[in-house]
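Input: a single structure, listed below in structure tokens.
Only the coordinates and a few stated rules stand behind these numbers; no lab work does. This structure is a prediction, so every number in the text was calculated from the model and none was measured. Quick reminder, even Gly has a Cβ in these numbers, built from the backbone with ideal geometry, and neighbours come from all protein chains shown.
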Amino acid sequence: MMRAMHISPENPMLSAVVDDLALRGWSQQAFFLPAELVRALAAECRRRDAEGQLNPAGVGRGVAQEVREAIRGDQIQWIDPGQAQACDDYLQAMDQLRLAINQGLFLGLEDFECHFALYPPGAVYRRHLDRFRDDDRRMVSAVLYLNEEWQPQDGGQLRMFLKNDTEHDVQPVAGCLVVFLSAEVPHEVLPAGRERLSLTGWFRRRGNDLF
Ligand code: OGA
Ligand code: MN
């Protein structure tokens, strides 16, 4: 069994993410987690895929959700605590990030939900915001990439549409974490020439219990 790997609340990457979010609404950290943990997460994603646990992702929420591959072609599985040491380590790291964001930005983030995502070659996720019309709890999006030896020619970039009509592309390279304000940064996933793995999640604030 793998030894637990913890991230300290004093880790300077946490405050770097918080500062970036405050200044420009997004952050990119190339080596957010130890390579060993990133490899274990990739292995866990592949294991779940091999066991048929990943399912086509839907678009929308609740009863309005439907699978539309032309818009979103990834296969996903949500992560729960207690399933695998690597996943628990990741949830622990993201909880440190949640606390750091709350301290620096007063967003009142209450929890973090995340899923593995596997994009088969050619799959895309068209331009969108990570905020549902009927549920505004998602405040901050965080994607960790799990792909070793990814080359720019493999494609699969995350393209973010930023202020002043600029774009920023993120290569989905193992260990890279990208974080952005869910309601403010439209983004898309470009098609890749090979399988593309990630862990995608959202920090949420408390709901207003209207539902
Ligand atoms: C998403 C998403 C981006 C990525 O799942 O909402 O935008 O790079 N994912 O995987
Ligand atoms: Mn998204």
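Using DSSP to define loop residues, name the trypsin sites (Lys or Arg not before Pro) in region 127-211 whose beta-carbon has at most 11 other beta-carbon atoms within 10 Å. It would help to have the intermediate numbers written out before the result.
Working: sites: ARG127, ARG131, ARG133, ARG137, ARG138, ARG159, LYS163, ARG194, ARG196, ARG204, ARG205, ARG206; in loops: ARG131, ARG133, ARG137, ARG194, ARG206.
Taking region 127-211 and a limit of 11 other Cβ atoms within 10 Å, the loop trypsin sites (Lys or Arg not before Pro) found are ARG133, ARG206.
Here the extension length gained between PHE31 and LEU105 equals 24.3 nm, from 0.36 nm per residue of separation less the Cα-Cα distance.
Where does each of THR166, THR200 land when they are ranked from fewest to most other beta-carbon atoms within 10 angstrom? Don't skip to the answer; put the middle values down first.
Working: THR166 8, THR200 22.
By the 10 Å Cβ count, ascending, the order reads THR166, THR200.
A simple spin-label model places the labels of THR166 and ARG47 4.2 nm from each other, with each point 7 Å out along Cα-to-Cβ.
Quick one: HIS128, HIS168, fewest Cβ neighbours within 10 Å first, how do they rank?
Numbers: HIS128 13, HIS168 17.
Listing HIS128, HIS168 from fewest to most nearby Cβ atoms yields HIS128, HIS168.
Using alpha carbon centroids, what distance separates region 182-207 and region 16-32, in Å? The two parts, judged by their Cα centres, are 15 Å apart.
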